[in-house]
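**Q** Here it is: the structure, laid out below.
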Amino acid sequence: SMAIPNVAVAAKTGTAETGNGARANAWAVGFAPADDPQIAFAVVVEGDEAEPTPHGGTVAGPIARALLEAGLQ
């Protein structure tokens, strides 16, 4: 999740097939605060041998939240 207390985040996550077997990429894009944007982000996590099909909400989303928390301090 990208939820941050008292900050409205405009975001979209997703999982995209790569066409390379069962591999997928996880992504998250957006900006915050939604009503007065101060920071924009795009996170892509490529599937690999250890995790061939990462998902946007569970893999890229928490990375995006960490970026937002650091960037909005």
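Nothing in this text is a laboratory measurement; each read-out follows from the coordinates by a stated rule. Everything numeric in this text was worked out from a predicted model, so none of it was measured.
**Q** With θ set to phi - 60°, apply the Karplus curve 6.51 cos²θ - 1.76 cosθ + 1.60 along segment 50-62 and write out the HN-Hα couplings as whole Hz, x wherever there is a Gly or Pro.
**A** These are the phi-based 3J(HN,Hα) values: 6, 9, x, 10, x, 10, x, x, 9, 10, 6, x, x Hz.
**Q** Moving on. Based on the Kirkwood radius over alpha-carbon pairs, what is the Stokes-Einstein translational diffusion coefficient of the chain at 25 °C with 0.890 mPa s viscosity, in µm²/s?
**A** Approximately 197 µm²/s, per Stokes-Einstein.
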